[in-house]
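This report refers to the structure that appears directly beneath it.
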Amino acid sequence: MQVCRDCIRNMTGYTPGEQPRDRSYVKLNTNENPYPPSPQIRETIANFALQHMRLYPEPTALQVREEAAHLYGFQPDNIICGNGSDDLLTMAVRTFVDQGGCLGCFTPSYSLYPVLAQIQGAETIQIPLENDFTMPPLETILKDTSECNVFFLTRPNAPTGNNFCKEKVAELCQHFKGIVWIDEAYADFAADNCIEYAKHFSNVIVSRSFSKSYSLAGIRFGLAFGQTEHIHQMMKVKDSYNVNALTQKIALAALQDQNHMQTNVARICATRRRVAQRLEESGFTVLPSEANFLLAKPPVPAQKLLRKLREEGILVRYFDNPLTADYIRITVGTDEEMDYLLAKSKQIVDGEKA
């Protein structure tokens, strides 16, 4: 007797970035922040009463929602919290996409979107980006996704790092018939963002992650902002106590120390600019990035460079997509880590050319 659903049996599942344990690596493959989170978090953890562990957490993370509402100019009812932004994406698919339905997204983009559709027993309509990684014409997007209930748009995009034109995103929000979910996991590293679209458009939801700019990938926390009705429906399908009590306290402390987050972001952006320039001087083609990573086309085969860097103790990431097959993605680490990457990359490239 076969008990597993066919859609689960036939799917591959999401492949996370490598988290090796065999040796020490310069880990530039999963876009983690190289700097520690706010020092206030250490105090928060130290003062967390052990007896609170016996109690269920506040089911909607109300204190965090109130702080985020104050910070971003929303009401708490416009905000939902998740066990990482991936949890929020899962809620979105469960809420807005029927079995047998479909969702839309660009390609290349975050590879979790099609996986969530498969789990739901739904289809994914993937719209290829232009050759320069910009958005295709609005008419193409709307025509190909006319049956989709949700369109996931990552801005800045992953794994490319570029920021789609804000005006074109607004046009999509205005004309798409379903939910436009703007995934802003990397927005704090960018020159602008679309969070106000969650107020101005009745069909827009914007999500944020604490994994990148807040240096909190290990606790899994994210926020989504949208119209009260959409948030209310998502509340129905979330796990009852999806964000644990300690994570709620840590997330609150992080929101209350914006200066620390912004200082780390500024350091990463400065390193990003410097490394992009150095890579270009070594013959790489580097896509302009507004995230905490760079997509770079080396002057040697990308997969060969990937392997040789790994042999040198450096992890970067490769995406087997027609538009990115000649590129590697490099997380921006500390200046010391990036100097090591630059030296080894130049050594490998020079060796291949010799």
For this session: Determine the pairs where a residue that is without any contact (Cβ under 8 Å) to a residue 60 or more places away in the chain, located within the stretch 18-30, has a partner that is polar (S, T, N, Q) and surrounded by 11 or more Cβ atoms within 10 Å (Cβ to Cβ) with Cβ atoms under 7 Å apart, the partner being 6 or more residues away or on another chain.
Result: none
For this session: Please identify the pairs in which a residue from the stretch 129-140 that is surrounded by 11 or more Cβ atoms within 10 Å (Cβ to Cβ) has its Cβ atom under 9 Å from the Cβ atom of a residue that is among the small types (Gly, Ala, Ser) and in a loop (DSSP other than H, G, I, E, B), counting only partners at least 6 apart or on another chain.
Result: Leu129/Ser109; Phe133/Gly161
Problem set entry | Top-ranked residue of the stretch 214-246 - restricted to ones that are under 26 Å from Tyr197 (Cβ atoms) and polar (S, T, N, Q), ranked as nearest to the chain's Cα centre (by Cα) | Asn242
Exercise. Just one of the numbered conditions (1) touching a residue at least 60 places away in the same chain (Cβ under 8 Å); (2) surrounded by fewer than 19 Cβ atoms within 10 Å (Cβ to Cβ); (3) in contact with a helix residue (DSSP H, G or I) (Cβ under 8 Å, 6 or more places away or on another chain); (4) closer than 22 Å to Thr30 by Cβ is not true of Lys304; which one?
Worked result: (1)
Seminar exercise, completed: Among residues of the stretch 257-283 being touching a strand residue (DSSP E or B) at 6+ places or on another chain (Cβ under 9 Å) and touching a residue at least 40 places away in the same chain (Cβ under 8 Å), the residue nearest to Leu71 (Cα to Cα) is Arg272
Exercise. Among Ser146, Ser109, which is surrounded by fewer than 20 Cβ atoms within 10 Å (Cβ to Cβ) and either of a type in the set (Gly, Ala, Ser) or outside the structural domain of Ser207 (by TED's automatic domain parsing) (or both)?
Worked result: Ser146
For this session: State yes or no: is Arg310 part of a helix (DSSP H, G or I), out of contact with any helix residue (DSSP H, G or I) (no Cβ under 7 Å at 6 or more places or on another chain), over 19 Å from Pro156 (Cα atoms) and in the same structural domain as Arg267 (by TED's automatic domain parsing)?
Result: yes
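The values are calculated or read from the model by the stated rules, or taken from the named source; none is laboratory data. On a predicted model such as this, the values are computed, not experimentally measured, just so you know. For neighbour counting, all protein chains shown are included, and Cβ atoms are generated from backbone atoms with ideal geometry for every residue, glycine included.
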